[in-house]
Structures are given as structure tokens and as C-alpha cells.
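Dumping the structure here so I can ask a few things about it.
The values are calculated or read from the model by the stated rules, or taken from the named source; none is laboratory data. Nothing here was measured: the structure is a model prediction, and the numbers come from that model. In this analysis, Cβ positions are derived from the backbone assuming ideal geometry, glycine residues included, and neighbour counts consider all displayed protein chains.
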């Protein structure tokens, strides 16, 4: 019995210092973290359902094949991928090293695999916020639901912090969303990302045979209507396999937020509207059910620099027509009175 008392602590001591990868991965961790391990096997990090379902909606149809092995690089099959050793808490570097193709590196101001700098880092990064400051353990480990897309799995929203005056993050009180600001009042059907994610990365012609990317740009900007009826940034993706090309578009949530929003001309100028709203787009729309093309705006809202005011062209046109008709009526009545009713 005395030997057993010594042996049990010794086993736990050894388990705490050896890498988790030397054990039986999730099954070993589940001995103490049963609920977390069980939930994790249903998380998108483990199932990669978002990638698989997106593939089936787009390139999978065109190529008539399952996702290639290259698409499973994001699969996390064991706890040691993030928790290098027992009690190791992953930091933001761990997240960025895995999310090295867009969101992770874009957040810190770089393009895919940190090959070069992007236009700007995310404002949250500049305020020293890490991934875990926004994304809770239940999003990363999973909450027990077998989600089909990140749209459903990610619960945090901008208003989680920017719509709650009681929230304090790392000693900072987030600036609160003001629904009375004119741009906010005029754009109630827009997600915050549309205006405040001032750039994002678009990769074109990803060659599945060798993993090479033909073109990377940050100048494209498109929108799609989400299942909730709001507009979101969208990214056109094209992949090439054995000389064949498949093109699709899907909603993205860029981690390149800026306090200063995009200029109105990005959406409302004649030369940009058709591009942004994907007029005539020929390709697959991927994502959760309800994702669809959006109608271009039927009016132009612009700012008068000298007066520093915003003007709705539709209302302005109505006002001009109304004022003209009123002027004609006043002139007519004035002539009638002046000429004695003749």
C-alpha cells in the first residue's frame, strides 16, 4: 500500500513534465478533462467541418472529388498541437502560427505566412489584445455542438464589448457603439465588418497540386448578404486542380479592424458599386444556408466637405423636386393675385 501511495504521485509527476504528444493524446487528457475532450471532438478545430462543407458547395462540385489532403492541414487531432506540454497555456503566437494564411497573420499586420506586411494591423492588436481576449475557451474547445460552419460556432460579437458599458478589457473600457451616428443610422443592415475591416487578403488560383498561390491582393472588396439579412465582407476564392479552375465566393470576418471606417466611395461610387456587390458573378456561393448575393444600393450618400454634412441623394432629389413644384405654385399664386385673378 505504501508503494502505491508513492507510485500514483510519481505517475502524475511524470505526466506533467513529458510532452502531451508522447501520450495517447485526447484519450489521455480526457482522464482529467473529460468534458473538454468530448466537446473538442465536435469542435471545428477537430472536425474541420467548415472547410469540408465549403469544399462540397464549391470546388467539390466542379472537381467531383473529396477535399484534398492539403485542406486538412488545419485539422487539430490532439491536444498537444496547442498544449505543448501539460499545463501549457497557448499564447497568441500559437494561434498565429496555425492561422498563418489569413486571419492570424492579417491580425498582426502581415500577409500569408508573414511573407510581407499588409496595409495595417488590427486596432485590437495595437491595444495588446490577444486571440483569447475575444474568443473564449468554449469557442476554441467547442461547446458540444457539431457545427457546420464558423458562422454558428463563433459566438463573440462586436457589441459584446462595444455594446456593454460595464465591460472592461485589460483595464480598458471599449468605446461604445453609438446607434445615433448618421452613418450607423443609414446602414442598419450592415455588419460592423463591412465598414471597419478596412482591408483583407484575397488569394487567387490556389494550385491544389502543389499548394502554390498565383496571386495575393488586398485591394479587393466585395459583400454578401448573410443568413441574418445583414451585409458582410466577402472573398472570391479560386482554386486550380489538374488545369481546371473552380470559383466561389463566401463571407469572411476580417481581423483588420480600424476605428476609421471605409470611405463611402468604396460602395457608393459608380465605378465600384458593381464590383462590390458582385453584379453578374458567375460561381458558387458557399457558406451557411441563406448566404446570397445582395442588391446594389439604389441611392448615393455623400459628404459635403466644406459643410461637413452627409447628404442622401435620393432625399436630396425629392427635396429639389418638391421645392421646384412649390416655387412654381407660389409663382402662379403670386401672378394671380397681382393680376387681380385674371
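Which of the residues that make up region 282-297 are more than 17 Å from residue 190 (Cβ to Cβ) and either in contact with a helix residue (DSSP H, G or I) (Cβ under 7 Å, 6 or more places away or on another chain) or crowded, with 17+ Cβ neighbours inside 10 Å (or both)?
284, 285, 286, 287, 288
Determine which member of the set 175, 137 is within 22 Å of residue 121 (Cα to Cα) and loosely packed, with under 13 Cβ neighbours inside 10 Å.
Only one candidate qualifies: 175.
Let me confirm something: among 83, 27, which residue is buried (at least 17 other Cβ atoms within 10 Å of the Cβ), over 25 Å from residue 238 (Cα atoms) and either more than 22 Å from the chain's Cα centre (by Cα) or in the same structural domain as residue 246 (by TED's automatic domain parsing) (or both)?
So the residue among 83, 27 that is buried (at least 17 other Cβ atoms within 10 Å of the Cβ), over 25 Å from residue 238 (Cα atoms) and either more than 22 Å from the chain's Cα centre (by Cα) or in the same structural domain as residue 246 (by TED's automatic domain parsing) (or both) is 83.
Let me ask another. If you take the residues in region 260-281 that are assigned to a loop (DSSP other than H, G, I, E, B) and in contact with a helix residue (DSSP H, G or I) (Cβ under 9 Å, 6 or more places away or on another chain), which one is surrounded by the fewest Cβ atoms within 10 Å (Cβ to Cβ)?
Among those that are assigned to a loop (DSSP other than H, G, I, E, B) and in contact with a helix residue (DSSP H, G or I) (Cβ under 9 Å, 6 or more places away or on another chain), it is 280.
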